[in-house]
Amino acid sequence: MDIDVLWEYGDPQLSEERFREALGSAEGEERLELLTQIARTFGLRGRFAEAHEMLNGVERELGGAGPKPRVRCQLERGRAFNSAGQPEHARELFTQAWELARQAGLEGLAVDAAHMLAITWSGKPEAIEWNQRGLALARASQDARARGLIPAMLNNTAWDLHSMGHFDEALVLFKEAQAEWSARGGLEQIRIAKWSVGRCLRSLGRYSEALDLQQALEAEHIASGSVDGYVFEELAENLAALGRTAEACAYFAQAAAELSKDEWFIKNEAKRLARLKKLARAFVPGVEEKMTGVDQIYNYRQVDERVSTAGQPNAEQLQAAAREGFETVINLATFNPEYSLEDEAGLVRSLGLRYEHIPVEWERPLVSDFETFERVLKQAGTDRTLVHCAANFRASAFYALYAQKNLGWSESQAETFRNSVWAGSDYPVWEKFIETIRAGFKG
C-alpha cells in the first residue's frame, strides 16, 4: 500500500477517514504504519495528546516489527513535539529516525527525517547543514519519496539563507526550487515558488524585476478567478519602494482585506497585518489628492517639531513641505530613475528650501557618509528639516545614530525609532555599519 497517496495535507480530517478505511484490510506492519499517519493527522489539528496516545499504542506493538514502522513512529512523534513548540524533543527523535532509516536503506524516510531536522533549526546554520545532507541523499536516490522532497528542501534552505541576510545565495536556491516544482507540475507550488523568487528580489533592492514577477502572478490569478493576499502585499511593497505611492496604497488595501481572512496570518503575523491595515487606510476614492501631504510620504516619521524622516517624496509632497514650514531637505538616496525625482535639487531650491544630497550606497554605507550627514544636520541648526531616502531605511538609521551621539538618546531609544521602520538585522551590511558607527562614538 502506498500510504502517501492517501494523504490530503490540506484536509487532515479527510486524510484520517482514508487511513481508517484502509485499516479495515491492513495487517501487521502496514497497520502500524497507518496508525502513525492517523496520529499525524491529530498533530496537524493541534490534538497533540491524542497523537501521542496513539503513538504510545503503536510503540507497544513494535516488539517484533521491522525498521519501517519504528522510523515512522519516531518521525510522527517528533512532528507532534515540534508542532507543539518543543523542538529539542523533536530533534532527538528525528535524529534517531535518520540513523535507523539510513541503516535500513529507507531513503525516503531518511530524507524526511533530515528535512524535519532542518525545520527544527529554521533560520540557523544547522538548518542548512541538515538540508544539504537530505538533498545529497535525495539526489542520489531512486526512491520517489526521497526525490519528492527535493524542491521543499531547496525552498527551505533558501528561506534560511534569506533570514540570515544571504540574499544572493538565497535567490539561486529559490530559482532552483522553482525549476524543480515546474518539472513536477504542481500549479500552487509553482506559484509559491515564483512568489518566493520575487520576494527575494525585493530584498535585493531589485524592485522593478520583483514587481514584474508579482504582476505576472496577479495576472495568473485573475485568469483563473483566484486572488492571493500575499501577491497583493508584494505588489504594494515594490510599488512603494519605487515611489508609486498611490498605486501602492491600493494594493495595501487589497492585501489587508485578503489576509484578514487568513486565520494563520491573523494569529502569527499580527504586527504585519496591523501595518498593512495602517497603510491601507490611506486608500480611499480620490487617493491621488490624499497623498499630497508631507505625512503621506512613504514611511514618514516625525521625530519632533524640528526633524522628520521619510522615504522618497513626490513633487506635490515637497511643495507641501514648503507650505508647512520645512526649510531644509537632506536626501540620502542614490539617484535611481525608477523612483527618484528627475531634478529634486532644482525643485527644492525653487521652493526656497535648502537642499543637501548625500548619496549613500545601500550595499556600501560608509563612515564618511555618516560624518557628512552629521555635519550637514548640525549646519541646519534650528531649521525644520526633512531627512529622506528611498524608503526611510537610510534616513531613520542615520538620524537614530545622530541622535544617540549628539542628542543624548540611549541605544534603546535609537533602536526603537529605527525599528519602527525596519530592522538592521534583516540586512547584515547595515547591522555591521551601525555597530561600527556606535563603536566610534562610544570609544
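Please treat every number below as a calculation from the coordinates, not as lab data. Note that the coordinates shown come from a computational prediction; the quantities given were computed from them, not determined experimentally. Cβ: placed from backbone, ideal geometry, glycine included. Neighbour counts: every protein chain shown.
Using 0.36 nm per residue and subtracting the Cα-Cα separation, the extra length available between Ala223 and Arg323 on full extension is 31.4 nm.
Working note: Karplus 6.51/-1.76/1.60 with θ = phi - 60° gives segment 367-384 the couplings 4, 5, 4, 5, 4, 5, 4, 4, 5, 5, 5, 5, 5, 5, x, 8, 4, 6 Hz, where Gly and Pro are set to x.
Which far-off residues, 5 or more places away or on another chain, put their amide H under 5 Å from the one on Arg354, with H placed in the peptide plane? The answer is Thr328, Val329.
When the charge dipole of the chain is built from unit charges on Cβ atoms (+1 for Lys and Arg, -1 for Asp and Glu) and taken about the Cα centre, the candidate among Ser25, Tyr207, Thr36 whose Cα reaches farthest toward its positive end is Tyr207.
Across segment 27-41, computed HN-Hα scalar couplings (Karplus, 6.51 cos²θ - 1.76 cosθ + 1.60, θ = phi - 60°) run 9, x, 5, 4, 4, 4, 4, 4, 5, 5, 6, 5, 4, 5, 4 Hz from first to last residue, x flagging Gly and Pro.
Under the convention that each Lys and Arg Cβ holds +1 and each Asp and Glu Cβ holds -1, the size of the dipole of segment 293-442 around its Cα centre is about 440 debye. Of the residues Ala136, Ala248, Gly352, the one whose Cα sits farthest towards the positive end of the charge dipole of the chain is Gly352 (charges of +1 on Lys and Arg Cβ, -1 on Asp and Glu Cβ, taken about the Cα centre). Ordering 78-86, 318-326, 182-190 by mean Cβ neighbour count within 10 Å, with the highest value first, yields 78-86, 318-326, 182-190. In sequence order, what are the phi-derived ³J(HN,Hα) couplings for segment 69-78 according to the Karplus relation 6.51 cos²θ - 1.76 cosθ + 1.60 with θ = phi - 60°, rounded to whole Hz, with x for glycine and proline? For segment 69-78, the Karplus-derived couplings read x, 5, 4, 4, 5, 4, 4, 6, 5, x Hz, x marking Gly and Pro.
Distant-in-sequence amide contacts of Val307, defined by a placed amide H-H separation under 5 Å and a gap of 5 or more residues or a different chain, comprise Thr385. Amide H contacts under 5 Å for Ala391: Gln312, restricted to partners 5 or more places along the chain or on a different chain, H placed in the peptide plane at 1.01 Å from N.
Counting only DSSP H runs of at least 4 residues, each contributing -39500 (n - 2.57), and dividing by the residue count of the chain, the helix-based mean residue ellipticity at 222 nm comes to -21000 deg cm²/dmol.
Between helix 150-163 and the chain there is an angle of about 30 degrees, using the helix long axis and the longest principal axis of the Cα atoms. Of the GluC sites (Glu not before Pro) found in segment 9-93, those in coil by DSSP whose Cβ has at most 16 other Cβ atoms within 10 Å are Glu27, Glu61.
For the pair Glu92 and Asp4, what calculated FRET efficiency results from E = 1/(1 + (r/R0)^6), where r is the Cβ-Cβ distance and R0 = 25 Å, to the nearest 0.05? Efficiency, rounded to the nearest 0.05: 0.50. For the chain, a simple Cβ point-charge model (Lys and Arg +1, Asp and Glu -1, everything else neutral) yields a dipole of about 840 debye relative to the Cα centre.
Projecting the Cα atoms of Ser163, Pro125, Ile330 onto the charge dipole of the chain, computed from C-beta unit charges around the Cα centre, puts Ile330 farthest toward the positive end. Scoring 195-204, 208-217 by mean Cβ neighbours within 10 Å over their residues and listing the highest first yields 195-204, 208-217. The distance from the alpha carbon centre of segment 1-23 to that of segment 358-409 is 59 Å, rounded to a whole number. Among Asp11, Asp112, Asp143, the largest mean-square fluctuation in a Gaussian network model of the chain, built with springs joining Cα atoms closer than 10 Å, belongs to Asp11. When the chain is modelled as a GNM with alpha-carbon springs shorter than 10 Å, which of Arg147, Arg72, Arg31 fluctuates the most? Looking only at Arg147, Arg72, Arg31, the biggest GNM fluctuation is shown by Arg31.
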